[in-house]
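Read the structure below first, then the notes.
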């Protein structure tokens with residue numbers, strides 16, 4: 001692969017290859033969307049759900065790794081599959097660690113194990129916290145400028161593909177594609193450029209197969225990049241809500257804050273978790289935010305997301321509007337944690353401290369590796 005080129009060939013963990021980048025003319029299948037991973041404690045089973053792109057696949061290859069990548073396994077399943085269950089009791093060959101499990105999916109068009117088979121890009125998710133938390137902690141390059149698991153939306157008839165691109169947090173990081181251990185250490189982040197005047201756009205994703213009636217905390221990593229230099233009006237916000245009993249996709253008007261959400265809230269602040277604007281930025285830093293924080297969201301109704309008794313899906317989305325065409329913002333993904341049955345969930349302060357420690361340790365490891373290879377100390381550029 002070559003970072004920044006039209007086509008990126010990403011080596012897989014099991015010796016396979018995945019295709020990322022911006023090339024769309026070779027028949028490369030799109031990646032699956034909205035990869036979700038939950039744990040059923042009563043049945044001791046892991047439940048995976050996702051959405052396949054138009055045209056589907058002939059096969060889907062699943063790669064599993066756990067306990068800090070010490071153990072690996074995988075399987076090939078029919079290309080029409082949109083879910084997979086792993087019964088830990090009945091699969092002793094997969095002693096999966098629900099505190100540290102990575103799952104990657106790759107779709108194939110063509111014969112399995114054939115050199116002519118075309119792979120999609122990978123889609124991933126990480127399971128942690130005794131199966132309660134699913135995290136977008138992985139280092140997978142983007143397809144057509146959109147982060148794995150996410151899709152673009154816009155109040156125009158069609159999203160402007162040029163407004164979405166892959167940002168790189170570290171300029172000389174080695175082994176960028178290994179699983180990240182925190183949102184703060186992901187090598188790639190989503191960049192969203194300013195839309196035309198009067199337009200709002202962004203990206204969204206769904207979390208599928210959640211537990212009805214349970215309450216979920218959302219954690220995200222956001223950055224306003226260089227928006228401190230923008231003089232005109234702009235706003236950047238993160239939102240989340242449940243999809244109702246019928247699991248209907250949210251309409252563009254709902255994502256834009258112009259129509260009532262399934263939970264009955266309305267207005268631009270509905271479902272808002274974090275909010276930035278002129279005079280309130282991250283100072284180009286990557287900032288960790290949480291649902292339920294009224295100060296971060298500037299929203300008196302700020303809360304975690306509680307599912308009704310007949311709903312099992314949550315949609316998360318980013319909204320950006322800006323009067324300066326040079327404006328842009330970024331985010332590194334989200335974590336969704338079931339806090340209903342957890343008597344002692346980690347506090348936001350603990351999570352922020354762990355995120356900071358993970359990044360410090362990553363940079364130290366990379367600097368030592370560079371010193372061994374070159375004989376000269378060279379700090380990692382951020």
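Since every read-out is calculated from the coordinates, none of them should be taken as a lab result. Everything numeric in this text was worked out from a predicted model, so none of it was measured. With ideal geometry, Cβ positions are generated from the backbone for all residues, glycine too; neighbour counts draw on all protein chains shown.
Below are the figures for this structure:
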{"quantity": "Gyration tensor over alpha-carbon atoms, the range 151-353, equivalent ellipsoid semi-axes in Å", "calculated": "25, 22, 16"}
{"quantity": "Separation of alpha-carbon centers, the range 56-113 and the range 264-327, rounded to whole Å", "calculated": "33"}
{"quantity": "Fluctuation leader among 284, 302, 180 - the chain, Gaussian network, Cα springs under 10 angstrom", "calculated": "284"}
{"quantity": "Estimated [θ] at 222 nm from DSSP helical runs (n ≥ 4, -39500 (n - 2.57)) normalised by residues in the chain, nearest 500", "calculated": "-3000 deg cm²/dmol"}
{"quantity": "Cubic angstrom per residue, convex hull over Cα atoms of the chain", "calculated": "149"}
{"quantity": "Convex hull per residue volume in Å³, alpha carbons only, for the range 39-110", "calculated": "89"}
{"quantity": "Share of pairwise Cα separations in the range 104-178, more than 20 Å, in percent", "calculated": "52"}
{"quantity": "The range 154-267: Cα Rg divided by the 2.2 N^0.38 Å rule of thumb", "calculated": "1.26"}
{"quantity": "Reciprocal mean inverse distance between Cα atoms of the range 256-335 - Kirkwood radius, Å", "calculated": "14.3"}
{"quantity": "Calculated P(r) of the range 193-246 - Cα pairs past 13 Å, %", "calculated": "73"}
{"quantity": "Burial ranking of peptide ranges 111-117, 342-348 (average Cβ count within 10 Å, highest at the top)", "calculated": "342-348, 111-117"}
{"quantity": "The range 117-227, relative contact order in percent, only Cα pairs under 8 angstrom and at least six apart counted", "calculated": "26"}
